[in-house]
Amino acid sequence: ITLIFRTAAGTETRVPATPGQSVMEAAVMNGVAGIEGECGGCLSCATCHVFAPEGLGTPGPDEDAMLDCTEVERGPRSRLSCQIAVTAAMDGAVFDIPAAE
Ligand code: FES
């Protein structure tokens, strides 16, 4: 499937993703700028912050706590992309990358 990552300036990058991966893994493997995934997905760095499309569920309690540690202030659509499992239904989904300060 294809995921789309969009910068604050509106530039879109399309990346291939496989169900079972995390959205963070798909972004990092394809060199999407602004999504670091420093901790490798163990929910301790918050450098995989994205603004997710509607309908992908809500953060669990640990993710919710880490969302208070993001570089760019969290919003209603904030998720940590390492906690979002890619599914086939996500084909074409657009994730907004928080603007770097
Ligand atoms: Fe570190 Fe998501 S990759 S919290």
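Laid out as a table, the results:
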{"quantity": "Relative contact order of segment 4-50, pairs being alpha-carbon contacts under 8 Å that are 6 or more residues apart, as %", "calculated": "24"}
{"quantity": "Relative contact order (%) - criterion: Cα under 8 Å, at least six apart; region: the chain", "calculated": "41"}
{"quantity": "Positive-end residue, the chain charge dipole about Cα centroid, Cβ charges, pick of S78, A33, A88", "calculated": "A88"}
{"quantity": "For I84, I1, order by how many other beta-carbon atoms lie within 10 Å, fewest first", "calculated": "I1, I84"}
{"quantity": "Cα gyration tensor, the chain - rounded (a/c under 1.5), prolate or oblate", "calculated": "rounded"}
{"quantity": "Cβ-placed point charges (K, R +1; D, E -1), dipole of the chain about Cα centre in debye, nearest 20", "calculated": "320"}
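No lab work stands behind these numbers, since they all come straight from the coordinates. Given the structure is predicted, the values throughout are model-derived calculations rather than measurements. Methodologically, a virtual Cβ is constructed for each residue, glycine included, from the backbone with ideal geometry; neighbour enumeration extends over all protein chains shown.
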